[in-house]
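Novice: Below: one structure in C-alpha cells.
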Amino acid sequence: MPRATPNRYGELLLPPVQTISMESQLEGQLTEKLRVLEYEVREDFQLTLHVQDEVRITHPTGNIFLTNIHRVFAGNEALPSLEDDNLMDYFLGSKPVGKTTDSKIDLGVIVRDIEELAVLNDEAHHIHDKKLAWFKCIQDIDNQLRQRDSRLAFQVDVTATPRHNNGAIFVQTVCDYPLVEAIQQNVVKHPVIPDEASLSKLHEQNSSKFTERYADYLNLGVVEWRQASELHAAQGKKAILFVMTDDTRNCDEVAEYLQDFPDLAGKVLTIHTKDNGEISEAASAKNKEELKRLRDAANDIDSGASEYRAIVSVLMLKEGWDVRNVTTIVGLRSYSAKSNILPEQTLGRGLRKMYLGLGREEVSVLGTPAFMDFVKSIQAEGVTLERRPMGGGTPRPDILVQVDTENPDKDLDALDIEVPILTPRFAREYKRISDLDPAKILQQPVMLQQYSDEDLRKIRFEYIVDGETSHETEFDETRVADGTRVVGFFARTVMKDLHLVSGYDLLYGKVKEMIQDHAFGELVDIQDRSVIKTLSEPAITKTIMESLKLAVNKLAIVDRGEARVDGYIKLREMRPFQAKNQAFQVPTKCVFDKVIGDRGFELRFSGWLDKRSDVVSWGKNFLGVGFKLDYVNSQGQLTNYIPDFFVKLTDGKRYIVETKGLEELDLPLKMQRLKQWCDDVNASQDSAIWDYVYVDQTSFETYEPTSFAALVRSFTRFRD
C-alpha cells in the first residue's frame with residue numbers, strides 16, 4: 001500500500017495510483033480540464049498527464065494516461081526478422097502509420113509496466129462484453145499485474161445508458177440516475193413530440209429519391225428549428241438542427257436538400273459515421289487532418305464563431321459529442337435490436353441543456369413512424385413525452401421573459417434596481433469537528449432494545465407508507481454483524497449528506513464514542529448483537545443521523561459576524577430565459593417585458609405593485625437575476641434562500657418583499673436572515689436604505705392596502 005503523507009493543511013493524503021482513462025473519442029475539453037487539475041493540485045499530488053501519444057516521463061506515482069483502447073490493446077505484432085516470409089519490413093522498416101488510431105508509441109507496454117493502476121472508462125455501454133477488445137485489454141492488464149503480486153486498484157465505468165437492449169440494468173451498476181428523474185428535475189431538456197393532428201399531416205411520398213420521400217419531415221424540422229432559432233437568438237444562443245439518416249449516401253442528399261433553404265445555405269455540416277456511431281475513416285477515405293477538422297467542427301458547433309446551423313449524420317453516438325444547442329431532432333431511420341442502440345442514446349444528442357440552472361428547456365423530436373415508435377419506447381422507463389402542435393402557423397407553447405428593450409415607453413435607467421451583493425456571511429470550517437462533544441449529540445438517550453435469539457435472527461421488512469410488515473427473513477448467522485461497520489455507516493452517511501471532503505477518521509471516533517458511552521444512557525459494547533440490531537431500527541437510525549448532522553453543522557457552519565458589499569446586480573442586465581406557457585403580467589413599472597410567478601398570488605401582487613403611486617419600479621427575483629441569500633435551515637444545513645420581489649419607492653428607499661400563500665417551517669429563519677442582510681447592507685453603504693416586508697396571502701386579500709407605505713405599516717410580522 002502507498003504511504004500516507006501530510007499536505008499543506010496537515011491532512012493525510014494517499015499518493016494517487018496511476019490512472020488510465022479510455023475513450024473512443026478524446027475531446028479537447030477533457031484534456032484541458034485535466035491539465036488544469038494537474039496544475040491546481042500540484043502542491044498535494046505530483047500528477048503527470050499523458051495524452052494519447054504525448055507520453056512524458058513516467059513517475060512511480062501520479063501518472064494519468066488519457067487515451068483510447070487502440071493504444072493499449074495488446075496486439076500480436078512481432079518485430080521484423082530475417083526469418084519472415086516477407087523481408088520488406090526487415091530491410092526497409094515498418095510501413096508508415098496509416099489510420100489515425102495507429103501509433104508508434106507502444107502505450108500498451110508502458111501501461112502494463114506500471115505497478116499500481118486504476119482504469120476509468122467513459123462511454124462504457126458494452127464494456128463487459130467479453131468478446132470486445134476493450135474487455136480483453138483490461139483483463140490482460142489485470143492479469144499481468146497479478147503476475148507481479150498486484151492487481152488493478154479499481155475500475156470505474158461511466159455511461160448514460162447502463163442497460164441492455166431489453167431494458168435490464170447492468171448487474172455491475174453501482175449508481176443509476178434515471179433519465180426520467182433528470183427530466184423531471186430539469187437537469188436535461190424535456191423531449192417534445194408532435195401531437196396526433198400534426199403527425200397526420202406528415203406523409204411519406206412515393207419516390208425513389210430520399211429527400212422527396214421524406215420532404216414533409218424535413219420541412220417540419222426546418223420550421224421547428226426556425227421557431228427555436230428565433231426564441232434562442234434573443235438569449236444570445238443559436239439553435240442547431242440535427243438530422244439522422246440511414247446511410248451515408250442519403251446523408252449527403254439530405255445535406256444538399258437543406259442547403260436550398262436560404263437560412264441554412266453553407267451552414268450544414270455532414271458527418272459520415274459507421275453503423276456503430278464512430279466517424280468513418282477508411283470508408284470515407286479521409287486523412288487525419290480532415291477527420292480532425294470534422295470532429296472539431298462537430299464539437300465547436302455551439303460556438304457563435306461556428307458557421308454551422310445544422311448537422312446531418314447517419315449516427316452521432318460514440319464520438320463523445322458534447323453539444324448543448326440541439327433544439328430539433330429529425331429521425332429518418334429505423335432501429336433494430338441488432339443496432340445495439342437505446343432510445344436514450346438517440347435522444348441524448350439533444351438533451352443537454354443550453355442554459356445551466358435556468359429552468360425548463362425543450363427539444364423537439366420528430367421523424368418517420370418507425371423512428372417515432374423507437375423513440376416512444378423510452379416511455380417504458382417512465383419518461384413522459386409531451387405532445388404539442390407543430391408546423392407553420394403554430395405558436396410555440398413556451399414564452400420568453402426578457403428585459404423590455406423594445407418598449408419606447410419605458411425608461412430602463414429609471415426603472416432599473418441595483419441590488420447589493422454581499423460577501424458570504426457564513427463559512428464552513430470542518431476542522432472544528434474535533435470540538436464535537438459526543439455526550440451532547442443526542443438530546444436524550446435512546447432505549448436499548450432487548451431481543452430474543454429468534455428476534456436477532458429475523459429481519460423484518462416493512463412498507464414505508466403504513467409501517468405494516470411485508471415479510472420476514474432469517475439472518476445468516478455465519479455472517480457475523482460487525483459493530484465497527486455500523487459506526488462507519490453513520491460516519492460516512494453524515495459526510496456524504498453534508499458534503500464533507502475530509503475528516504472521516506476524526507468523525508468515526510466521535511460517533512463510536514457517542515454510541516458506546518452516551519447513546520443508550522449506559523456503556524455498551526458496539527459488537528453486542530442487540531446494540532447492532534437496535535441501531536438498525538429505522539426510528540433510531542433516523543434520530544441518531546439527524547442529531548449527528550445537526551451537531552456537526554452547528555460546529556462546521558460559522559457566522560463570520562459581518563458582510564460587506566462586493567458588487568451589484570442590475571435587473572436590466574438579466575439574461576433572457578424561456579419558460580413554459582403560463583399566465584403572466586405585462587408590467588409598466590418593471591424592466592422586464594412580462595412577469596411570471598409560481599403561484600397565482602405572486603401575479604396578483606405584481607399587478608398591485610404596478611399600480612401603486614409611491615412605487616417607482618419593482619422587479620421579480622427570477623433565477624436569471626441571480627440574487628440569493630445563504631442561511632442555515634431548520635435542519636442545521638447551510639443552503640440558499642431566494643426572495644420574491646425588489647421594490648424602489650419614490651422616497652428612494654428599497655424593499656425586498658417575501659410573499660407566501662402557505663407558510664413553511666423555515667420561514668422564520670429566512671426572515672431572520674433577510675433582516676440580517678438589510679442590516680449588513682445598510683452598515684456597509686449609504687447610497688440607498690434597504691428594508692424588508694413579509695406579505696401573507698390571507699391578510700393581503702382581506703386588508704388590501706392602498707399604497708406600499710400602508711403595506712409596510714400594516715404587515716409587521718417578523719419585523720418586531
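Novice: Take residue 699, project a point 7 Å from its Cα along the Cβ direction, then tell me which residues of the range 605-625 have their backbone nitrogen under 19 Å from it.
Specialist: Of the residues in the range 605-625, 605-606, 608-609 have backbone N under 19 Å from the label point off residue 699.
Novice: Trypsin sites (Lys or Arg not before Pro), restricted to the range 587-618: which are DSSP loop and have at most 15 other Cβ atoms within 10 Å?
Specialist: 599, 611
Novice: Moving on to the next point. Per residue, what volume in Å³ does the convex hull of the Cα atoms of the range 552-678 enclose?
Specialist: Roughly 138 Å³ of hull volume per residue.
Novice: Once amide H atoms are built 1.01 Å from N in the peptide plane, which residues 5 or more positions from residue 388, or in another chain, come under 5 Å H to H?
Specialist: 193, 195
Novice: Then there is this: Quick one: which residues, 5+ away or cross-chain, put their amide H under 5 Å from the amide H of residue 616? H built at 1.01 Å from N.
Specialist: For residue 616, whose amide H was placed from the backbone, the distant partners under 5 Å are 648, 649, 650.
Novice: Tell me, what HN-Hα J-couplings in whole Hz come from the Karplus equation 6.51 cos²θ - 1.76 cosθ + 1.60 at θ = phi - 60° for each residue of the range 599-615, using x for Gly and Pro?
Specialist: Once θ is set to phi - 60°, the couplings for the range 599-615 become 10, x, 5, 4, 5, 5, 5, 4, x, 5, 4, 5, 9, 7, 5, 8, 9 Hz.
Novice: Considering only the range 587-718, what is the antiparallel percent among its DSSP beta bridges, to the nearest 5?
Specialist: Around 65 percent antiparallel, to the nearest 5.
Novice: Work out how much length residue 452 to residue 259 would gain on full extension: take 0.36 nm times their residue separation and subtract the Cα-Cα distance, in nm to one decimal.
Specialist: That pair, residue 452 and residue 259, stretches by 61.5 nm at full extension.
Novice: By how many nm would the segment from residue 560 to residue 180 grow when fully extended, if each residue of separation counts as 0.36 nm and the alpha-carbon distance is taken off?
Specialist: Length gained, residue 560 through residue 180: 132.7 nm.
Novice: To the nearest 0.05, what FRET efficiency results for residue 599 and residue 173 with a Förster distance of 30 Å applied to their C-beta separation?
Specialist: FRET efficiency, residue 599 to residue 173: 0.15.
Novice: Same structure, new question: Can you list residues whose amide H is under 5 Å from residue 363's amide H, if they're 5+ apart or on another chain and H is modeled 1.01 Å from N?
Specialist: For residue 363, the qualifying residues are 190, 192.
Quick note: the coordinates plus some simple rules give every number you see, no bench work behind them. Please read these numbers as outputs of a predicted model, since none were measured by experiment. Cβ atoms come from the backbone with ideal geometry, glycine included; neighbour counts cover every protein chain shown.
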